[in-house]
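The values are calculated or read from the model by the stated rules, or taken from the named source; none is laboratory data. As the structure is a prediction and not an experimental result, all values here were calculated from the model. Heads up, the Cβs are rebuilt from the backbone with ideal geometry, glycines too, and the neighbour counts pull from every protein chain shown.
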Amino acid sequence: MFWPVLALYICWVAPTLGWGFPGDGVSDSPIGKRIDHLFWLIMAITTGVFVLTQIAMGYALWKASTKKPEEPAQHFHGSHTLEVIWTVIPGALLLFIAFYQMDVWADFRLKSRAPATKSGSLIAEVTARQFEWRIRYPVPGKDLSPTPVPGDMYDVNELIIPAKTPVMIYLRTDDVQHSFFLPTLRIKQDAIPGKVIPIWFEAEEPGSYPLLCAELCGWGHYKMGGKLTVLSQEDYTARMQKMAQDFGVASAASTPAAPTPGVASTSQTQEGAN
Amino acid sequence: MNEMMSIRRPGLLSWCLLMLTTLLTGCMGSSQPDFVGSKRLDSLTPYAREAVQAVIKDKFGSPSSLRCPTTTVIATGDVRGTVALEESKATQETLDKLNTTSDLLIEDPMELTSKSIRFVPTLDQQFAAIEKLTEKENAAIKDYLAAVVSESRPITFNAEKTEITLAQPVKPASVNESEFILDECRALYRGQQLYMLHCVHCHGVSGDGNGASAKYMNPRPRDYRQGVFKFTSTAATSKASTADIKHIIADGIAGTYMPSFKLLSEDDLTSITNYVKFLAFRGELENRLINEVAFEYSQKAYDERIAGGEKPEEIETLFKDYLAQMFPDIVSSNVDLIAADWTAADEADSVITPQGPRPEPDAKSLADATKTSIENGHLLFLTKGQCAACHGENGRGDGVQTRAMQANAQGDMFAEPGLHDEWGNLTPPRDFRTGVLRGGRRPVDIYRRIHSGIKGTKMPPAGASLTEEEIWDLVNYVLVMSNSKGQPTPVQAAKPTTEVSSN
Ligand SMILES: [Cu+2]
């Protein structure tokens, strides 16, 4: 009796001990909340199925073991009705799960469903390398160019995004396979050599969230950590403007039109002092 | 049953043996790490070597017991506490209670007026805040209280407000309202702790760039002991500023094994930077002292003197005199020189800051109005700047100099052709087409690389031979090259390579 009770108790308290979901247990992104919902739903279904099948099995064992030894064994060819039942019910459950989750899956993975494909939401390219995240931003107000261009801004281990807006990033790797993992947002995507993989997500609240590598990528894998800094729209704009100033690049937002080639640009910002 | 026992017994025995071996080897393996001296110490006569080692040991200690340096260049981060008494009158009630519970009899309530002592801990200005007092510091406060206030009185300590509330009021006269040191050298120890955690496996205990994993790396981890750092914001002849070192630790060096430590707190970064400077100072002083004594007391000089007819005892006596009379001054003047260099590098005017703006790459060059900025940059790259001799005509880091044999500072030839740095490692000129810039990607970073060179390497400073406008054009050209992986730049495509063949 001791072990089953302990097992049940541990299952019960695990979430409160932080053994369950990362962070406070509530996802920080809308898609994460929907993923969590799926998790709990599937958890409930599988728990129900588990308990019912255990009861059925226990019943069968009990029934068979209480048979008198002198009673002869019976030979029968199965029960058609029973088989239909235990095929149809799990089949229906699986179909239900398959259809029910499709929407979340599509929103998570199908680019055509991405809310963030409109101009301005592609905000950065994240390049994983042993053992850090190198980040390239476009000039504020411009879209990220697929290949580096002069005027791009660079940072390391800190990805800055605005809050409450769907954003998209491109994920690449310089060397081996890595995995871009935002545990509290429930976002995880492998970075695969030679591929540029778009990821989109939305953070609900400003704050700082862990960014981890979730693919064993070498001896320094354990320390391949970064942070996702989520800023309110104004703070985000200000931060990007400051970075633009640091990089001595004219932000598109502050110049009315794109500078014509050959004409000296008027929007020269002072270089960052350090 | 018997069978089972006979299987078990050897198992138990081997388990014991295993434990014994781990215990023994464990003990043998745990020798204390020590600072290793420069290899050049071996070139000195034994007593000269000992003299230098003794000074270094005395000034810097060993990893297990650091000496708090006395120079202002390295922040020790002593934690000081200022004692302030908060006035609060003792009531007759507390007085009565006090008199019944303790054996000291106090008649006048005025004698007892203070009930709390506030410690205002302060660190070196560099370290913004004290998050929490350590156990050691709390113990220091307790000791202090034990000395000034009666030991038997219970106290509560609020670490956030660093306020100590006494259970009973004390006589104000018994508390010395002054500053005292709670903890010595906190920042240095903290820096060492972090360094041993994050950096030691690459940079080594002594900062000699010879940690356990260093031999697998190219470029090798930096050996700090020359006091030379590559990527700085300061003039060609200056040292790195403290901010430069901190910036490298925070951002790492792209394209090398040096990782970014951005997630460490500001205070931690400051502490590590400080410890790196401590190691650099130690190494540099050692090097300078070796140079000082090597002049007359290296093994080579010694052999020559013997050959010249001097007697070993004479030389040793001379050295003893030198050690007693001149050496202390030599040591302190070298300390001062090194400290002065570090201090100068931190002054605002040693930072290279371009005065004018950078033109856009395809805008008109400010140096030559007939060309666009990258066109002029390209021209300078091939001609006046002589960059192509090292970096190659296409910026691939394959210029002629990479194929020439080079000599080290002592005039000995290196085994393989190519450019070597001050540490004796092969350092190829940067291949700009890989798209990776190690010293930072801001235009001003590249400006500083070109203006001041890369210290300790063959990358020369161009600040004296090129104007600011010309350097900006080169910056633009480098930027454009590093953004077009493998492809020739637009200028090259548009222009026949006339300048190239003239080189
Ligand atoms: Cu990784």
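Overview of results
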read-out: Candidate set: the stretch A:163-178, residues that are within 14 Å of chain B (Cβ to nearest Cβ) and part of a loop (DSSP other than H, G, I, E, B); chosen: the one farthest from the ligand (Cβ to nearest atom); value: A:Asp174
read-out: Every residue from the stretch A:198-247 that is among the aliphatic types (A, V, I, L, M) and surrounded by 15 or more Cβ atoms within 10 Å (Cβ to Cβ); value: A:Ile199, A:Ala203, A:Leu211, A:Leu212, A:Ala214, A:Met224, A:Leu228, A:Val230, A:Leu231, A:Met240, A:Met243, A:Ala244
read-out: Top-ranked residue in the stretch A:179-199 [being β-branched (Val, Ile, Thr) and more than 16 Å from the ligand (Cβ to nearest atom); ranked as farthest from the other protein chains (Cβ to nearest Cβ)]; value: A:Thr184
read-out: The listed residue being under 25 Å from the mean Cα position of the chain (by Cα) and either crowded, with 18+ Cβ neighbours inside 10 Å or within 10 Å of another protein chain (Cβ to nearest Cβ) (or both), out of B:Gly424, B:Gly453; value: B:Gly453
read-out: Some residue of the stretch B:314-335 being modelled with pLDDT of 90 or more, crowded, with 20+ Cβ neighbours inside 10 Å and not in a helix (DSSP H, G or I); value: no
read-out: Qualifying residue in the stretch B:378-397 (condition: within 14 Å of chain A (Cβ to nearest Cβ) and assigned to a loop (DSSP other than H, G, I, E, B)); value: no
read-out: In the stretch A:223-254, residue modelled with the highest pLDDT [restricted to those that are more than 11 Å from every other protein chain (Cβ to nearest Cβ) and part of a loop (DSSP other than H, G, I, E, B)]; value: A:Ser232
read-out: Subset of the stretch B:234-271 (residues that are more than 24 Å from A:Phe131 (Cα to Cα) and small (Gly, Ala, Ser)); value: B:Ala235, B:Ala236, B:Ser238, B:Ala240, B:Ser241
read-out: Top-ranked residue of the stretch A:169-178 - restricted to ones that are within 15 Å of the chain's Cα centre (by Cα) and crowded, with 20+ Cβ neighbours inside 10 Å, ranked as nearest to A:Tyr222 (Cα to Cα); value: A:His178
read-out: Filter result for A:Gly141 (in contact (Cβ under 8 Å) with a residue 24 or more places away in the chain, away from chain B (no Cβ under 14 Å) and assigned to a loop (DSSP other than H, G, I, E, B)); value: yes
read-out: Of the criteria (1) under 30 Å from B:Thr71 (Cβ atoms); (2) away from chain A (no Cβ under 13 Å), which one B:Asp346 fails; value: (2)
read-out: Verdict on B:Ser265 being buried (at least 19 other Cβ atoms within 10 Å of the Cβ) and small (Gly, Ala, Ser); value: no
